[in-house]
1. Tell me, yes or no, whether the range 183-203 has at least one residue that is at pLDDT 95 or above, farther than 22 Å from Ser294 by Cβ, touching a helix residue (DSSP H, G or I) at 6+ places or on another chain (Cβ under 8 Å) and open to solvent by less than 60 Å² (accessible area, probe 1.4 Å).
2. Without any contact (Cβ under 8 Å) to a residue 24 or more places away in the chain and among the small types (Gly, Ala, Ser): which single residue out of Gly126, Gly101 fits that description?
3. May I ask you to list the residues in the range 364-397 that are open to solvent by less than 30 Å² (accessible area, probe 1.4 Å) and under 29 Å from Asn318 (Cα atoms)?
4. What is the one condition in (1) touching a residue at least 60 places away in the same chain (Cβ under 8 Å); (2) outside any strand (DSSP E or B); (3) farther than 30 Å from Gly316 by Cβ that Phe76 does not satisfy?
5. Can you tell me how many residues within the range 217-234 are under 18 Å from Pro317 (Cα atoms) and either among the small types (Gly, Ala, Ser) or surrounded by fewer than 16 Cβ atoms within 10 Å (Cβ to Cβ) (or both)?
6. Scan the range 215-233 and report the pairs whose first residue is at pLDDT 95 or above and whose second residue is open to solvent by 40 Å² or more (accessible area, probe 1.4 Å) and assigned to a helix (DSSP H, G or I), with Cβ atoms within less than 9 Å and a gap of 6+ or a chain change.
7. Is it the case that some residue within the range 198-216 is among the basic types (Lys, Arg), out of contact with any Pro (no Cβ under 7 Å at 6 or more places or on another chain), within 23 Å of Asp146 (Cα to Cα) and outside any strand (DSSP E or B)?
8. Which one of Phe554, Phe540 is open to solvent by 70 Å² or more (accessible area, probe 1.4 Å), in contact (Cβ under 8 Å) with a residue 12 or more places away in the chain and part of a helix (DSSP H, G or I)?
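The values are calculated or read from the model by the stated rules, or taken from the named source; none is laboratory data. Note that this is a predicted model, so its numbers are computed, not measured. Every residue, glycine as well, gets a Cβ built from its backbone with ideal geometry; the counts of neighbours run over all protein chains shown. Surface areas here come from the heavy atoms of the whole protein model, side chains and all, with no ligands, DNA or RNA. Shrake-Rupley method; radii C 1.70, N 1.55, O 1.52, S 1.80 Å.
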Amino acid sequence: MDKNTITGLVLIGILLVGFSYLSRPSEEQIAAQKRYYDSIAVVQQQEEALKAKTEAALANSQKGVASTADSTSLFFNALHGSDSKISIQNNVAEITFATKGGRVYSAMLKDYMAQDKKTPIMLFDGDDASMNFNFYNKAGAIQTKDYFFEAVNKTDSSVTMRLVADSASYIDFIYTLKPDSYLMNFEIKATGMEDKLASTKYVDIDWSQRARQLEKGFTYENRLSELTYKVTGDNVDNLSAAKDDSQNLPGRIDWIAFKNQFFSSVFIAEQDFDKVSVKSKMEQQGSGYIKDYSAEMNTFFDPTGKEPTEMYFYFGPNHFKTLKALDKGRDEKWELHRLVYLGWPLIRWINQFITINVFDWLSGWGLSMGIVLLILTIMVKVVVYPATWKTYMSSAKMRVLKPKIDEISKKYPKQEDAMKKQQEVMSLYSQYGVSPMGGCLPMLLQFPILMALFMFVPSAIELRQQSFLWADDLSTYDAIITFPFHIPFLGNHLSLFCLLMTLTNILNTKYSMSMQDNGAQPQMAAMKWMMYLMPIMFLFVLNDYPSGLNYYYFVSTLISVGTMILLRKTTDETKLLAILEAKKKDPKQMKKTGFAARLEAMQKQQELLQQQRQNKK
């Protein structure tokens, strides 16, 4: 190979190396190329996975079709039909059933009106509610929602919805509405099905209902609408009314209620429910609904038909005595009356045994509900008057002793002598037979009675759509002004009775503070402002509450102000001081007893301990 050839090959090599170097891709280009090939690999993997899933789904579908065909062949003729509506009724309710699914389609209450006050109230109808029963055979589940039932043995107050397999084999849903009652018997009974259904002794049930907004006030009705249930042999409980909530309930359950403020749909099992799962979801304001309820459970079912499944539906008002009567028929086992919330145990007992009976007695006179509430409020004030009088006299005694307290304050002007001053003040109270806490116990004694009406009024269905003065419905708010916007904590309206209640509370606070000004300490100024602030807070808290409740508070506070003015005018404080002085001079009264004496002894002991510590130092 000559020199020129070698030179040419070297130059070609240099050119190739240089070209390779210059045409080499950048790091960014290399990364992009890698992502490109990676994406191709992912797509290929997805295509392979999708192909595998499709083949598996096709196989399962074919298997499912075969299984469905096996399970539906039992009631094949019931797969087709027309969804007819069948109604039964009594004097108070009309219940309609759909032949598809053999379920309750709607519930109307004849004695209660909707918001328009013209048409009877409809708790639900159509797709607002659903109910499905799952029976089983060796092929799988038989869901009643897919089948058409036949209506047989129809009377005015009863109907049998029959799911037919053949002329000798069928499942009956037997509905019987009791006379003058909101309670409906519901039986499931199998005939000729022992060889066609599995031998499992239960049926699974899915029940749901969108609870309608039945009252004007969404906020307050929502607060009292909750999914409630009764644990067998235990208490009544409920899901949260303020948020979405769900629970798997342990043990057995007597009944489940989809509850509104004044009405409920209750499902009751004579043989109890088991494996219960319940759920409650909030609905948006303006949707026309309050809550979305659902429940899954099972109960006893005998496929041989020897023993029927016994259940009940209650579609009716949350009226205490109506529900209590049903409880008595079941030896108080059901406790349906707990659907009417009457407060904590002590307050509930007062309402149950006193308030409700007095309210019913007054209502029996034919008076308007506003007058009934007025009389009831006056009666409550009369009952608590002895405690009110004792509380007032305790404050009056301390007021007449104020000059003597001022003398003690002058005697001990220094802060380090505060304990000595307090000790001498307690000694003074003890000598005159006055207790600083003398008015607290009477106030505590009357508190449960006053709270009883606070709990009773919002739950009293008797106030529903009853008008009084400017309020057209005492069971909801009485808006004197409606705003085109929403004010935080207040809402979009201003209730007149709530405003009057707030003003009377401010008046009551002002008058009470004026009676205590002579004895008030400078450090109590902040407490005074808090006392004035509380009525303002009530305006925001109670603005959405029933006008009947605010009316009660307005009248009650007005009576309290009048009582205080009357007691102040009829109490001779000079004479009261003379009586206290006479007690002080009486040797029998010189013995220091009661709360003031105990407090004085405690202060002396504390002062002695402080002195001992100082001596040790």
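1. Yes, because at least one residue in the range 183-203 is at pLDDT 95 or above, farther than 22 Å from Ser294 by Cβ, touching a helix residue (DSSP H, G or I) at 6+ places or on another chain (Cβ under 8 Å) and open to solvent by less than 60 Å² (accessible area, probe 1.4 Å).
2. Details: Gly101 fails: without any contact (Cβ under 8 Å) to a residue 24 or more places away in the chain.
Exactly one of Gly126, Gly101 is without any contact (Cβ under 8 Å) to a residue 24 or more places away in the chain and among the small types (Gly, Ala, Ser), namely Gly126.
3. Scanning the range 364-397 gives Met369, Gly370, Val372, Leu373, Leu376, Thr377, Val380.
4. (1)
5. Residues that pass the stated criteria total 2.
6. Taking only residues 6 or more apart or on different chains, the pairs are Thr228/Arg338; Lys230/Arg338.
7. The answer is yes; a qualifying residue exists.
8. Working: Phe554 fails: open to solvent by 70 Å² or more (accessible area, probe 1.4 Å).
So the residue among Phe554, Phe540 that is open to solvent by 70 Å² or more (accessible area, probe 1.4 Å), in contact (Cβ under 8 Å) with a residue 12 or more places away in the chain and part of a helix (DSSP H, G or I) is Phe540.
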